[in-house]
Structure formats: structure tokens, C-alpha cells
1. Please list, in chain and number order, the residues 5+ apart from Val9 or on another chain whose amide H is under 5 Å from its amide H, with Hs placed from the backbone.
2. Ignoring solvent entirely, what values of log10 I(q)/I(0) come out of the Debye formula for region 98-230 at 0.17, 0.19, 0.22 Å⁻¹ when each Cα is a single scatterer?
3. Could you list which residues have their amide H under 5 Å from that of Gln52, counting only those 5 or more apart in sequence or on another chain, with H placed in the peptide plane?
4. Would you mind getting the Kirkwood hydrodynamic radius of region 1-49 from its Cα pairs, rounded to one decimal in Å?
5. Considering the zone a paramagnetic label at Arg221 would reach in this model (a point 7 Å from Cα along the Cα-to-Cβ line), which residues of region 253-278 have amide N under 16 Å from it?
6. In region 154-295, what % of DSSP beta bridges are antiparallel (nearest 5)?
7. So, with +1 on the Cβ of K and R and -1 on the Cβ of D and E, and no other charges, what is the size of the charge dipole of region 1-159 about its Cα centre, to the nearest 20 debye?
8. How large is ³J(HN,Hα) for each residue in region 205-219, as worked out from phi by the Karplus curve 6.51 cos²θ - 1.76 cosθ + 1.60 (θ = phi - 60°), to whole Hz, x for Gly and Pro?
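Readers should treat all values here as calculations from the given coordinates under stated rules, not as data from a laboratory. Not measured: the values here are computed from a predicted model. Ideal geometry is used to build each Cβ from the backbone, glycine not excepted, and the neighbour counts take in all protein chains shown.
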Amino acid sequence: QIFVVGSFVVACSVKVARLPRAGESLAAEAFVSEPGGKGFNLAVAAHRLGAQVDGVFAIGDDPFAAVAVSAFEGVGLAADMLVRRSGSTGAGIGFVDREGENCLAVSPGANRLLAAADIDPARIARAGLVMATFESPDAAIAEAFAQARARGTRTLLNPSPGRPIDPRILADTTILVVNRVEAADLGLDVADPGTAEALLRAGPAVVVVTLGEEGAVAFQRDGPPARQAAFPVAAVDTIGAGDAFSAGFAVALLEGRPIAEALARAAACGAITTCRFGAFEAFPTTADLDRFCAA
Ligand code: ADP
């Protein structure tokens, strides 16, 4: 079982002929709202890949709370992962013009109120891997990771959106997954494995850097770097590729696969996701992944 220290947002966007100017109100061509958040994406992606998924996600007491419940049920995740806070559910608002240019802002809302006390030791005890992103507060992540660590359970951290990593969280992280931008912020240069040494001494046994269409590289405490090329695909929408990669990597490790194989399956999950529009709808199932890997 995978336990996700989660985040949930309702992503709203309007399609407009051009982005509005300050003070202007425009008639939009369409309105779209869809469930999202990195935690939700990881949970959906892992569930599609056949993992049993549990977790904890904070939502508000506004109308979007009901959207969260139906989103979880709609994808086959148990709504008992949701904890309620007074206030707003996480939500984002964006504008997308005809060229695909966009601007957006996201309000974390209740996600900010996920607390250490929300981490149930009985549920962490059932997990074979605990994962988190930086859309959740440090206190909740630190508690979940400390409980996992005390039980010898692996943890995976995707520190996105970027902020400095609390050293206690880093110390309890087994697998750190970062993209190119986050790697640079951590002083990691993929061309120079020596730059990963300080991180590998501070906690993680594996640091994976995802490099978009250049694949990924895993720096390991106990071995040489493992490199994985990206699968050549006709990418149409890279949204969600990183989340698909992290979920694919976690599920593969939970299945007992070695690092090299887990990297390949994770890269395949990322590649498949880029071939489809949307985020969570684009995540592969086990059957999609096996078919892709066999081809
Ligand atoms: P993020 O979306 O977090 O910035 P990346 O862009 O690095 O993450 O993508 C995550 C992974 O998805 C990459 O390591 C790669 O394996 C896969 N991927 C992303 N973009 C492509 C692409 N254009 N073609 C093939 N694989 C891709």
C-alpha cells in the first residue's frame, strides 16, 4: 500500500481569445473545472498502476468540498482520505488563450491546514511506501516521514513547488525526486555526480532528477548513477509527466523491482502521459504500461 500525504485543488480555467488586461472583463469562450493537485495526481496515478492507495487530504467546508468527494469516488479512491477544515478547498483560476499562453494563480486553502495530528499511525503502519509533495505543509510531511522511518518504511519526496527542504524531512526521505529546476535550486548538476554527494549524506539513498525529453538520472548512495533515456514519443501535453513519473517509480519499487527497472517504468509512465491531453485522465493503467514496455 502507498500512503500519500496529499493535496487537492479544483483547477478552474477559462478559454479566452486573448489574456485580459488589468481592469478589463472579457467574455470567455469556455469554462473548465477539474480536480487536481499534485497529491491527488500521485494518488490517482498510483491507483491506476494497480497499487492500493491510502492517504490524507485536507478540504474545506465550501461547495468545492463536494467536488473533492465526487472526484475521489469518481476515480476509485476512498473518500475517507479527506479531512475537513473550515474555510476554502484548494482552488486555482487560470486563463488560457488561443495560442495556449496562460496565466494562473492557485489558492492552497485547506491544504495549508493539514497538520501533524492528521497523520494516523495505524494507516502509516499499513503502508509500504509514504509519499509527499510540497503542496503539503512541512509539519504533516515531517510527521508522516518520521513515523515511516521509525518503522523502516520507505518515503518518497517530490519537493514541488520548490521551497527549501527542512533538514528533518530530508533526513527521513529515502527517495528524492526532483525536476531540472528543483535540482538546480538544490545545487545539483546532473553532469557532475559529485554535486549529489551532500544530498545523499543528508538523508536520501536515491536522488532522481527528471530531465523531460532527456529522461532521468538516479544518483545512489550505494552505487554509480543510473541513467534512463526518455522514450521517444509524440508529446502533446507534458502536464502531469512528473507526477506520473514519481508514482510509476514508487509503484515499481513497491513491486520489488530494482532501481534501473523502476526508472524505466517511471520514464514510460511519464512518456505515456505526455501523449495524452489533461493531467489525471492521462495517467497510464498497468495494462497501458505493460503494453508500452513490451513494444
Ligand atoms: P516535470 O513535469 O516535473 O518538470 P519532467 O518534464 O522532467 O518533469 O518529466 C518527467 C519525466 O517524464 C521525464 O523524466 C521523462 O521520463 C518523461 N517525459 C517528460 N517529457 C517527455 C517527452 N517529451 N518525451 C518523453 N518522455 C518525457
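1. The list, which skips near neighbours in sequence, is Gly36, Gly37.
2. -0.93, -1.09, -1.28
3. HN-HN under 5 Å from Gln52: Ile2.
4. Working: mean 1/r = 0.0757 Å⁻¹.
Final number for the Kirkwood radius of region 1-49 is 13.2 Å.
5. It comes to 259, nothing else.
6. On the way: 9 of 16 bridges.
Looking only at bridges with both residues in region 154-295, the antiparallel portion is about 55 percent.
7. Working: 14 positive and 16 negative charges, 86 e Å.
About 420 debye.
8. So the J values, rounded to whole Hz, are 7, 9, 10, 9, 10, 8, 10, x, 6, 9, x, 7, 9, 10, 8.
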